[in-house]
Amino acid sequence: MSIAIKRLFFPVILTLVFAAEGSSISPKQYYDPIRHLFLMAKNTNWDFFSADDQTSKTISRDKDLQFVARSPYVVEDGLQPTLTFRLDHGSWSSARLYGERWLKDFPKYGYELQMSRDSKLGGLSGFEIELNASQSKHVIRQFIVKSNQEFWVFTCTSDQKHFQASWSACESILKSAKIN
């Protein structure tokens, strides 16, 4: 192979190798090749964005935040409903034990527990927690999945008035989960 051809193809090959190592995000699909997790937003009007997307109102420097899925609508008090996916690590033996560990801390941050239960959404089994903010109209529902020593924390956030519609979109995305 000539030097000119090597120079032409080498950057392309490197780009493909590095792209294959990281998660891929398109507006309607998310794939994490390390966790073999595939999610789709095709039956919703929500889109996926990388955690550091500059157009995101939820830009995070949290290196464990994997994506933000956002509703196209801004609802009351400027809140844009979102679904986030964050990784955590630990030695708890189940998603329930991991989730229950945090239940005592939520009141310190102004949240009241509404519900907690074991749950299954699509190909994911885990523990679900719903909380209402005591000082605002925000509602969050977390779905926690244990995979080896990782905990996958999916958090759906909205306001009380629009929460059911927001949760419906979040639930649709989570039910699309496939683990290969």
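The values are calculated or read from the model by the stated rules, or taken from the named source; none is laboratory data. Remember, it's a predicted structure, so these values are computed and weren't measured experimentally. For neighbour counting, all protein chains shown are included, and Cβ atoms are generated from backbone atoms with ideal geometry for every residue, glycine included. All accessible areas refer to the heavy atoms of the entire protein, side chains included, with ligands and DNA or RNA removed. Shrake-Rupley method; radii C 1.70, N 1.55, O 1.52, S 1.80 Å.
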Answer residue from the stretch 136-160, given it is more than 19 Å from PHE38 (Cα to Cα) and either at pLDDT 95 or above or touching a Lys or Arg at 6+ places or on another chain (Cβ under 6 Å) (or both) and is surrounded by the most Cβ atoms within 10 Å (Cβ to Cβ) among those: SER158
Identity of the residue in the stretch 39-52, open to solvent by 40 Å² or more (accessible area, probe 1.4 Å) and in a loop (DSSP other than H, G, I, E, B), that ends up modelled with the lowest pLDDT: ASP52
Strands (runs of 3 or more DSSP E) (entirely within the stretch 87-180) containing at least 2 residues that are among the hydroxyl-bearing types (Ser, Thr, Tyr): 111-121, 150-159
Residue match in the stretch 93-107 (condition: at pLDDT below 90, more than 21 Å from VAL139 (Cα to Cα), open to solvent by 30 Å² or more (accessible area, probe 1.4 Å) and not acidic (Asp, Glu)): no
Filter pass, SER166 being closer than 20 Å to ALA41 by Cβ, in contact with a His (Cβ under 8 Å, 6 or more places away or on another chain) and either open to solvent by less than 40 Å² (accessible area, probe 1.4 Å) or small (Gly, Ala, Ser) (or both): no
Answer residue from the stretch 28-38, given it is touching a residue at least 24 places away in the same chain (Cβ under 8 Å) and of a type outside the set (A, V, I, L, M) and is surrounded by the most Cβ atoms within 10 Å (Cβ to Cβ) among those: TYR30
Near pairs, Cβ below 7 angstrom, 6+ apart or cross-chain, from the stretch 66-77 (open to solvent by 20 Å² or more (accessible area, probe 1.4 Å)) to any residue that is aromatic (Phe, Trp, Tyr) and not in a loop (DSSP other than H, G, I, E, B): GLN66/PHE85; ARG70/PHE49
